[in-house]
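A short worksheet on the structure shown next.
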Amino acid sequence: MRDVYIIGTGIHPWMGFSEQVFADFAAVAVNDALKDANLEWQKIEAIMAGIFIYGGNAGHLSGQYLESIFGETGIPVVNVYNACATGSASIRMAYNSIAAGETDTALAFGADVSPKGFLTAKSDNAVQDRDVIRWKMGGLPNPIYWALECRKRMEKYGTTEEDLALVKVLMSEYGSKNPHARFKKQYSIEEVLNSVYVCDPLRLFEICPVSTGAAALIVTADEELISKADNPVKINATTMGSAMYGDPTIRISALSCPSVPEAPMLSESYSASRQAYEKSGIGPEDIDVLELPDNSSWHYLVYLETCGFCKDGEADKMLRDGETKIGAKLAVNPSGGFSSHGEALSAQAIWQVIECTNQLRGRCGERQVEGAKVAMAQTYGLMGNSGTTIMTI
Amino acid sequence: MENMVNKVARIPNLVDWSTGEVRLMSAKCNSCGTYFFPREHYQHRPGCSREGVEDVLLAQKGKLASYTIQYYPCPAPFKTEKKITPYGIGLVEFEDEKIQITGIITDTDLKSLKIGMEMETTILDMYTNEEKQQVVTWAFKAIK
Ligand SMILES: [Zn+2]
């Protein structure tokens with residue numbers, strides 16, 4: 001297998017609902033990535049596209065629509081969906097194609113336009129699409145799943161409402177320093193604790209909304225391109241995981257979960273991260289920057305444990321002791337996280353990898369983690385989807 | 001039990017009241033022992049032969065394993081005639097079946113919710129359909 005490097009990245013800043021076409025957002029990100037890599041479009045040998053699930057035919061074939069904007073060249077275009085880990089899948093496919101020697105240079109991208117209002121059922125057919133049951137009969141929007149797990153955690157480990165609020169305080173401080181962030185206001189702990197409950201114990205400022213955004217990544221094994229690139233970032237491993245039998249987590253979209261655990265919580269992410277540690281020979285103790293999926297404050301805490309940055313039940317103490325701040329040994333979500341961005345489904349995993357890349361390239365200005373050499377991006381998608389990418393400079 | 005004659009579940013094969021008790025419709029794999037809900041959502045143990053899956057009804061009672069109170073109306077296609085927000089959602093554990101199931105909490109003081117409390121399966125009236133039937137979903141309530 002050949003070494004694979006990130007040589008170009010591009011982001012369309014995260015924002016709310018838009019009437020603009022999703023492919024145009026993608027084109028902004030792809031154009032920036034080409035410029036960053038100092039690369040002509042014709043050098044791209046494969047496109048691995050994250051699909052835009054609410055975009056109908058065009059969204060499901062997002063790679064073809066993107067290709068036509070820049071000019072069709074006949075290269076392989078693959079469109080993929082893995083819920084919120086969609087971007088992880090596109091990066092992994094680009095990496096594997098290059099590492100195996102099939103192509104030298106590939107593009108991975110994702111673009112998503114926030115639905116107006118809430119995420120809800122994508123079909124009306126409860127036989128084929130079991131997700132319909134939770135909407136028609138369960139009364140179960142996504143944050144309820146997180147609240148049910150958060151309540152269990154509070155009972156088991158003594159996580160407090162102040163801990164949950166503190167996550168937002170920290171994320172908003174970093175988000176205020178990130179030009180790509182959608183939410184730039186800084187919050188005090190009192191302001192977070194005074195925000196309304198969405199589904200208790202989770203408050204409005206402790207869960208992330210859906211956003212519009214696009215992100216693109218150019219990866220290569222072409223030695224000439226790598227030597228000419230500005231601080232190329234090596235991908236040491238990029239993996240995906242699915243859930244394991246006996247995982248006690250109540251997964252978004254499901255109506256049941258096992259009551260006797262036989263696998264770790266969030267086992268898809270446990271699996272993806274352990275595969276990445278094994279493949280890269282890099283462990284949690286080596287990592288300087290971690291971008292984790294803080295869909296809610298509960299996720300921020302549990303992901304530190306799932307990915308092995310501390311033992312089960314110890315994340316709250318890590319947070320309270322300042323061990324996850326910029327300046328500590330491990331900087332967690334220096335981007336401001338999903339809390340400051342919101343979710344743009346097919347783009348967010350790529351955006352997380354780009355934040356890590358920017359940190360390693362020393363491009364993060366006020367939120368820069370000094371001397372960052374090793375970074376990890378971790379995603380989470382509903383119904384057992386996850387991806388981990390470990391990068392070094 | 002109230003008159004259940006003119007009631008219909010919004011989606012079939014999830015909740016049953018034909019025995020006189022309201023119970024959830026599950027399936028059990030007699031090879032790996034796993035219970036499924038909904039019953040078509042198979043989640044076999046890896047290596048299971050998948051032979052001998054039979055439809056079963058879950059116990060009528062369980063224990064509250066977790067809960068939340070939802071303060072915003074659930075978006076469509078969720079539909080109720082009466083305003084139910086804020087509403088409780090429980091994750092109820094059926095000990096013998098080793099499964100926890102989500103459901104709306106009804107007919108219960110939400111302030112009294114506590115992990116470990118005993119709950120029973122019931123139904124919640126949602127709306128009246130064109131055939132003048134009461135459309136219902138499954139729900140849980142505290143045992144008084
Ligand atoms: Zn089985």
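In this entry, B:GLU95 passes the filter for residues that are facing chain A (nearest Cβ under 8 Å), touching a residue at least 24 places away in the same chain (Cβ under 8 Å) and among the acidic types (Asp, Glu).
Inside the stretch A:184-209, can you point out the residues that are surrounded by fewer than 22 Cβ atoms within 10 Å (Cβ to Cβ) and in contact (Cβ under 8 Å) with a residue 60 or more places away in the chain? Passing the criteria: A:LYS184, A:PRO209. Of everything listed in (1) more than 9 Å from every other protein chain (Cβ to nearest Cβ); (2) in a loop (DSSP other than H, G, I, E, B); (3) within 16 Å of the ligand (Cβ to nearest atom); (4) surrounded by fewer than 15 Cβ atoms within 10 Å (Cβ to Cβ), the single unmet condition for B:ARG39 is (4). Here B:ILE104 passes the criteria (1) among the β-branched types (Val, Ile, Thr); (2) more than 7 Å from chain A (Cβ to nearest Cβ); (3) in contact (Cβ under 8 Å) with a residue 24 or more places away in the chain except the one numbered (2). When the stretch B:42-52 is filtered for residues that are more than 6 Å from the ligand (Cβ to nearest atom) and over 17 Å from A:ARG130 (Cα atoms), the ones remaining, listed by number, are B:PRO46, B:GLY47, B:SER49, B:GLU51, B:GLY52. Checking the conditions here, which among B:ALA59, B:ALA27 is of a type in the set (A, V, I, L, M) and more than 16 Å from the ligand (Cβ to nearest atom)? Checking each option against the conditions leaves just B:ALA59. In the stretch B:36-59, the residues that are at positive phi reach residues that are of a type outside the set (S, T, N, Q) and within 13 Å of the ligand (Cβ to nearest atom) with C-beta atoms within less than 6 angstrom, at least six apart or across chains, in these pairs: B:ARG50/B:HIS44. Annotation note: of B:ARG23, B:ARG50, the sole residue that is crowded, with 16+ Cβ neighbours inside 10 Å and either under 24 Å from A:ARG251 (Cβ atoms) or among the basic types (Lys, Arg) (or both) is B:ARG23. Restricted to the stretch A:128-141, and to residues there that are more than 8 Å from every other protein chain (Cβ to nearest Cβ) and part of a loop (DSSP other than H, G, I, E, B), the residue that is nearest to B:TYR87 (Cα to Cα) is A:ASP129. Just one of the listed residues (A:LYS156, A:LYS116, A:LYS168) is part of a helix (DSSP H, G or I) and surrounded by fewer than 20 Cβ atoms within 10 Å (Cβ to Cβ), namely A:LYS156. For the stretch B:89-125, the tally of residues that are in a strand (DSSP E or B) and under 14 Å from the mean Cα position of the chain (by Cα) stands at 20. Considering only residues that are of a type outside the set (Ser, Thr, Tyr) and facing another protein chain (nearest Cβ under 10 Å), which ones fall in the stretch B:16-36? Result: B:LEU24, B:CYS32, B:PHE36.
Scoring B:VAL5 on the criteria (1) away from the ligand (no atom under 16 Å from the Cβ); (2) of a type in the set (A, V, I, L, M); (3) within 13 Å of another protein chain (Cβ to nearest Cβ) leaves a single failure, condition (3).
Read-outs: derived from the displayed coordinates by stated rules, not from any lab. Keep in mind that what you see is a predicted model, and the values were worked out from it rather than measured. With ideal geometry, Cβ positions are generated from the backbone for all residues, glycine too; neighbour counts draw on all protein chains shown.
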